[in-house]
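To keep things clear, I will list the structure first and then write my remarks on it.
The values are calculated or read from the model by the stated rules, or taken from the named source; none is laboratory data. Everything quoted here is computed from the prediction, not taken from an experiment. Positions of Cβ are generated from backbone atoms using ideal geometry, with glycine treated the same way; all protein chains shown enter the neighbour counts.
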Amino acid sequence: MSIGKMSLFAQAVKVIDRKIFNAAVDRHGAEKGAKGFKCWTQFLAMMFAQFAGAKSLREITGGLAVHLGKVYHLGMRRPPSRSSLSYANAHRSWRVFEDVFYSVYEQARNFAEVKGRKFKFKNPLVSLDATVIELCAEVFDWAHYRRAKGAVKLHMALDHQGCLPCWALVTEGREHEINAARRLRFEPGTIVAVDRGYFDFALFGAWCEAGVFFVTRLKKKTAYRVIKKLSVPKGVANILSDEIIELTGQKSDQCPYRLRRVVVWDVENEREIVLLTNHLAFAASTVSRIYKDRWQIENFFKALKQNLHIRTFVGTSENAVQIQIWTALISMLLLKMLEMRSRAGWSLSHMAAMFRICLMNHTDLAEWLADPYRYSREVIESEENSLFANISDSMKVGQVMNPVNLRV
């Protein structure tokens with residue numbers, strides 16, 4: 001089928017490699033005992049829920065039934081029933097969707113490489129953070145958080161090359177961020193920007209041993225001794241001091257390395273920010289900019305919650321919640337790829353909103369990204385030309401047109 005006869009939704013989902021998807025299904029035994037309802041149909045249904053903003057199983061299945069002719073060529077022969085989709089979300093392994101996420105990330109990363117780098121250094125820059133997604137404790141009784149509240153916590157690493165999520169972990173809401181960070185292994189030379197929630201001597205020591213750099217905020221009561229004071233560069237007004245230090249006090253032996261303490265003046269909030277890093281070669285201003293860019297992960301969490309469907313869930317089991325969160329992350333990667341390809345100059349939120357509105361339009365995706373309003377203008381011009389041609393033909397044969405018929 002030609003691109004022109006495919007919906008925008010179909011063209012976006014075509015990015016998913018079916019061979020990789022099927023391999024993930026086989027690897028996790030997700031279709032064991034299945035009788036007709038395939039994992040691919042389940043995946044399409046959950047992706048439709050994310051892009052269309054469907055908030056219930058009824059909306060998902062009903063929306064697909066209405067647009068079945070526009071997703072038929074993707075391999076969906078019939079829309080899933082609510083019971084089939086609910087059962088699949090509860091019992092088919094969410095790890096299939098996790099595998100798909102990482103395959104899509106690799107494609108998105110290739111797009112981002114073409115756009116160039118924000119920083120001059122070639123080290124990979126990653127931010128770590130977590131966000132809490134609150135749930136009803138009575139309905140989601142497995143999601144332990146507080147006595148009267150349930151929640152899950154989405155731990156994530158953001159690749160600053162394109163601001164793409166490159167790693168994620170969903171845990172109970174009470175899981176500490178440091179426990180999740182200890183599961184990660186970074187390539188030597190990677191720079192990790194974290195807030196004070198990840199302040200842990202053992203974690204910093206492990207990163208130093210692995211050749212991984214970090215930038216974080218120093219806690220006020222942290223004991224240290226100054227080894228050397230570095231000169232503050234002229235013309236950089238926001239750098240107040242730059243020092244080489246060693247940690248002292250309790251548990252300091254877990255990170256027995258020389259570190260760097262950089263004091264930065266935050267003009268906007270009129271306060272000092274004390275940064276800690278194990279990178280001794282970068283300019284103090286570069287260290288400051290790295291930590292400031294950590295805010296991108298906060299913006300990502302905000303965009304994820306505003307534009308995709310992870311605040312309410314269509315299933316109550318842990319597996320169903322995992323599937324919905326992983327499909328939201330896959331959808332975000334696809335939206336990021338669309339944003340990088342678009343020449344319309346939209347923000348991500350505007351891109352998500354317009355894509356939702358035009359989801360089932362039969363328009364070439366590349367042309368839509370280049371000029372999203374072109375199709376509408378062409379339709380109007382075509383209708384106008386057709387109308388005036390009819391008027392001209394009617395006047396030639398002496399017919400009188402009713403003024404009502406002239407309305408456009």
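Residue selection: Lys14 fails the criterion of being over 22 Å from Gln107 (Cα atoms), modelled with pLDDT under 95 and of a type in the set (Lys, Arg).
Please go through the stretch 273-298 and give me each residue that is free of Cβ contacts under 8 Å to residues at least 60 places away in the same chain, under 28 Å from the mean Cα position of the chain (by Cα) and surrounded by fewer than 17 Cβ atoms within 10 Å (Cβ to Cβ), ordered by number. Passing the criteria: Lys292, Trp295. Given the structure, is Trp368 aromatic (Phe, Trp, Tyr) and modelled with pLDDT of 95 or more? No, not satisfied.
Put simply, of Leu135, Leu154, Leu158 the only residue that is among the aliphatic types (A, V, I, L, M) and more than 30 Å from Phe111 (Cα to Cα) is Leu135.
When the residues of the stretch 308-332 are filtered to those that are touching a Leu at 6+ places or on another chain (Cβ under 7 Å) and closer than 23 Å to His67 by Cα, the one that is surrounded by the most Cβ atoms within 10 Å (Cβ to Cβ) is Ser331.
Here is a yes/no grid of residues against (1) of a type in the set (D, E, K, R); (2) assigned to a helix (DSSP H, G or I); (3) at pLDDT 95 or above:
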residue	(1), (2), (3)
Val314	no, no, yes
Leu333	no, yes, yes
Ala344	no, no, no
Pro372	no, no, no
Asp393	yes, yes, no
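For the stretch 120-158, the set of residues classified as of a type in the set (A, V, I, L, M, F, W, C) and more than 21 Å from the chain's Cα centre (by Cα) consists of Phe121, Cys136, Ala137, Val139, Phe140, Trp142, Ala143, Ala148, listed by residue number. Of the residues in the stretch 333-356, at least one is within 30 Å of Ala210 (Cβ to Cβ) and surrounded by 14 or more Cβ atoms within 10 Å (Cβ to Cβ).
Inspection of the stretch 78-85 identifies at least one residue that is out of contact with any Lys or Arg (no Cβ under 8 Å at 6 or more places or on another chain), surrounded by 14 or more Cβ atoms within 10 Å (Cβ to Cβ) and under 19 Å from His309 (Cα atoms). Among the residues of the stretch 48-84, which ones are touching a Phe, Trp or Tyr at 6+ places or on another chain (Cβ under 7 Å), free of Cβ contacts under 8 Å to residues at least 24 places away in the same chain and among the polar types (S, T, N, Q)? None - no residue of the stretch 48-84 is touching a Phe, Trp or Tyr at 6+ places or on another chain (Cβ under 7 Å), free of Cβ contacts under 8 Å to residues at least 24 places away in the same chain and among the polar types (S, T, N, Q), so the list stays empty. Could you count how many residues in the stretch 140-166 are in a loop (DSSP other than H, G, I, E, B), of a type in the set (A, V, I, L, M, F, W, C), surrounded by 15 or more Cβ atoms within 10 Å (Cβ to Cβ) and at negative phi? Adding up the residues that qualify gives 2. Looking at the stretch 231-245, which of the residues that are in a loop (DSSP other than H, G, I, E, B) and in contact with a Phe, Trp or Tyr (Cβ under 8 Å, 6 or more places away or on another chain) is surrounded by the fewest Cβ atoms within 10 Å (Cβ to Cβ)? Once the filter is applied, the top-ranked residue is Ala237. Given the structure, is Gly205 farther than 16 Å from Val287 by Cβ, in contact (Cβ under 8 Å) with a residue 12 or more places away in the chain and out of contact with any helix residue (DSSP H, G or I) (no Cβ under 6 Å at 6 or more places or on another chain)? So Gly205 fails the test.
Considering the stretch 1-80, the qualifying helices (runs of 4 or more DSSP H), each wholly inside and each with 1 or more residues that are more than 23 Å from the chain's Cα centre (by Cα), run over 18-28, 57-66, 68-71.
With the condition kept exactly as written, say whether any residue in the stretch 110-120 is at pLDDT 95 or above, in contact with a helix residue (DSSP H, G or I) (Cβ under 7 Å, 6 or more places away or on another chain) and surrounded by 15 or more Cβ atoms within 10 Å (Cβ to Cβ). Checked the stretch 110-120: no residue is at pLDDT 95 or above, in contact with a helix residue (DSSP H, G or I) (Cβ under 7 Å, 6 or more places away or on another chain) and surrounded by 15 or more Cβ atoms within 10 Å (Cβ to Cβ). Of the residues making up the stretch 300-310, one or more are assigned to a loop (DSSP other than H, G, I, E, B), within 30 Å of Phe119 (Cα to Cα) and at pLDDT 90 or above.
Of the residues making up the stretch 168-202, just one is touching a residue at least 12 places away in the same chain (Cβ under 8 Å), within 19 Å of Val152 (Cα to Cα) and among the polar types (S, T, N, Q), namely Thr171.
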